[in-house]
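Only one structure is covered here, and it is reproduced in the block below.
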Amino acid sequence: MAKKALITGITGQDGSYLAELLLKKGYEVHGLVRRASTFNRSRIDHLHVDEHSSSAKLFLHYGDLSDSNSLMNVLYDVQPEEIYNLAAQSHVRVSFDNAEYTADVTGTGALRLLEASRRLVPKARVYQASSSEMFGGVQNRAQDENTPFHPRSPYACAKVFAFWQTVNYREAYNMHASNGILFNHESPRRGETFVTRKVTMGAARIKMGLQEKLYMGNLESQRDWGFAGDYVEAMWLMLQQDKADDYVIATGETHTVRKLIEVAFGYLDLDWKKYVEIDQRYYRPSEVDFLLGDPAKAKRVLGWQPKVTFEGLIKMMADSDLQAAKRELASRG
């Protein structure tokens, strides 16, 4: 029989790539989605299979990390062997405006899922999506699994809480629960408010005459950017290990937002200095200036390697957004 996996946040960037990967490996994939008045499933539409068909491999269930009862119901019905907790309020800037909600879903939500798993599927292997933002204020050196946390946003604080709860459940209840401390990972499916997608989409729209300016915040922030499709493979590898553990997943390279802009605009034959302007509204109340991951442990233990380069990633995203801009222009007649 096929392995069963449950993915929270399946409609997000990572969830969609992970669902693709697991389906290719022959899994029966179950996704947790929040009930809403509109559908937000564009990232997984291409994966949809008629659930009434005997060949169905992808199933969606209504539930929410803020509701323990819904989590218990889904776990009871599905009985998954692997659980990937990718759901969160994941936008750092938004977390300053919605701190309590972020703490409840991103932090306490992880605890609710761990407790429900412990009670109903204690043998299931659990992956918790941790974040490089937990390192926050650490400066000028690569961050690994032993680097102390210094969160600089409500989102990062919530992720630190979820991280330590995962470690606690692993140690207290002997659960196979692992944290993947993922550094920034992007793709054409990245949300439009995240900086990489904001840049590639802005450049593409400017190229097609749909937009005149791109307004940005701190251009000197440095990030370790990789491809989401590579990173979900690391998630899966963690749950295939005999022993649960915590891993930094990163490329080991850092680039400024300015470099990101240069690559995206240059690829589309645009002089970014003519179009990009600074807007103080996009600065965070407390800034994280430098993030650089050391993935040595993941490479050594998991045998994981990132495949897509920084330049390749930005060009991939720019190509996708250019096609979208062309479609938008054509739709205007």
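The values are calculated or read from the model by the stated rules, or taken from the named source; none is laboratory data. From a predicted model like this one, the values you see are computed outputs, not experimental measurements. Note: ideal-geometry Cβ built from the backbone for every residue, glycine included; neighbour counts use all protein chains shown. Please note that ligands, DNA and RNA were not included when accessible areas were found on the heavy atoms of the full protein model with its side chains. Shrake-Rupley method; radii C 1.70, N 1.55, O 1.52, S 1.80 Å.
Can you tell me the equivalent ellipsoid semi-axes for region 223-267? Use √(5λ) from the Cα gyration tensor, largest first, whole Å. Before the final figure, lay out the partial values.
Numbers: eigenvalues 185, 24, 5 Å².
Equivalent ellipsoid semi-axes, largest first: 30, 11, 5 Å.
Note on the chain: with neighbouring protein chains present and a 1.4 Å probe, carbon and sulfur make up 47 percent of its accessible heavy-atom surface. Computed from phi, the 3J(HN,Hα) profile of region 204-214 under the Karplus parametrisation 6.51, -1.76, 1.60 (θ = phi - 60°) reads 5, 5, 5, 4, 8, x, 8, 8, 9, 9, 10 Hz, with x in place of Gly and Pro.
Over all directions, how big on average is the projection of the convex hull of the alpha-carbon atoms in region 105-263, in square nanometres? Spell out each step's value before the answer.
On the way: hull surface 42.0 nm².
Here the figure is 10.5 nm², rounded to one decimal.
For LYS213, what is the net charge nearby, where nearby means another residue's Cβ is under 10 Å from its Cβ and Lys, Arg count +1, Asp, Glu -1? Let's see the in-between values first.
Working: positive: LYS274; negative: GLU212, GLU277, ASP279.
Spelling it out: positives minus negatives among the neighbours equals -2.
More than 39 Å apart: what percent of Cα pairs in the chain qualify? Everything past 39 Å amounts to 12 percent.
With a 10 Å radius around each residue's Cβ, average the other Cβ atoms per peptide and rank 239-247, 271-279, highest first.
Details: 239-247: 15.3, 271-279: 13.6.
The packing order, highest mean first, is 239-247, 271-279.
Starting from the amide H of ARG125, placed 1.01 Å from N in the peptide plane, find each other amide H under 5 Å away whose residue is 5 or more places distant or on another chain. Placed amide hydrogens put GLU82, ILE83 under 5 Å from ARG125. In the chain, the calculated helix contribution to ellipticity at 222 nm averages -11500 deg cm²/dmol per residue, counting -39,500 (n - 2.57) for every DSSP H run with n ≥ 4. Farthest toward the positive end of the dipole of region 141-285, out of CYS157, GLN143, HIS176, is the Cα of CYS157, where the dipole comes from beta carbon charges about the Cα centre. Contact order, relative form, for region 135-286: 28 percent (alpha carbon pairs under 8 Å, 6 or more residues apart, mean separation divided by residue count).
For region 50-198, what is one quarter of the convex hull surface built on the Cα atoms, given in nm²? Please report the intermediate quantities before stating the final value.
Working: hull surface 42.4 nm².
Result: a mean projected hull area of 10.6 nm².
Rounded to the nearest whole Hz, the Karplus-based 3J(HN,Hα) values (6.51 cos²θ - 1.76 cosθ + 1.60, θ = phi - 60°) of region 145-158 follow the sequence 5, 9, 6, x, 7, 8, x, 10, 7, x, 4, 5, 4, 5, with x at glycine and proline.
Arrange the peptides 16-27, 77-88 so that the one whose residues have, on average, the most other Cβ atoms within 10 Å appears first. Let's see the in-between values first.
Numbers: 16-27: 19.2, 77-88: 22.3.
Result, highest mean Cβ count within 10 Å first: 77-88, 16-27.
Rank by packing, highest mean first: peptides 199-207, 163-171, 212-220, 324-332, with packing defined as the count of other Cβ atoms within 10 Å averaged across residues.
Numbers: 199-207: 24.6, 163-171: 18.8, 212-220: 14.7, 324-332: 12.0.
Result, highest mean Cβ count within 10 Å first: 199-207, 163-171, 212-220, 324-332.
Taking amide H positions as modeled 1.01 Å from N, with prolines and chain starts lacking one, the residues under 5 Å from GLU186 and 5 or more places away or on another chain are GLY226, PHE227, ALA228.
So what is the relative contact order for the chain, in percent, with contacts set as C-alpha pairs under 8 Å and at least six apart? Walk me through the intermediate numbers first.
Details: 656 pairs, mean separation 57.4, N = 333.
Once divided by the residue count of the chain, the mean separation gives 17 percent.
Listed by chain and number, the lysines whose C-alpha is less than 26 Å from the C-alpha of LYS299, apart from same-chain residues fewer than 8 away, are LYS3, LYS24, LYS25, LYS159, LYS243, LYS307, LYS315. Size check on region 160-242: the Cα extents along the three principal axes, sorted descending, read 57, 24, 17 Å. Accessible area per residue (1.4 Å probe, heavy atoms of protein chains only) ranks TRP236, TRP225 as TRP236, TRP225, with the largest value leading. Annotation: per residue accessible area for the chain equals 45 Å², rounded to a whole number [probe 1.4 Å, protein chains only]. Model label points for ASP319 and HIS61, set 7 angstrom from Cα along the Cα-to-Cβ axis, are 3.8 nm apart. Label-to-label distance, GLU192 versus GLN211, with points set 7 angstrom from Cα along the beta-carbon direction: 0.9 nm.
Dimensions of region 283-333 along the principal axes, based on C-alpha atoms and rounded to the nearest Å, stand at 54, 36, 15, largest first.
Extending 7 Å from Cα along the Cβ direction at ASN98 and again at ASP279 yields two label points whose distance is 1.9 nm. When the P(r) is computed for region 220-333, the part past 23 Å accounts for 47% of the Cα-Cα pairs.
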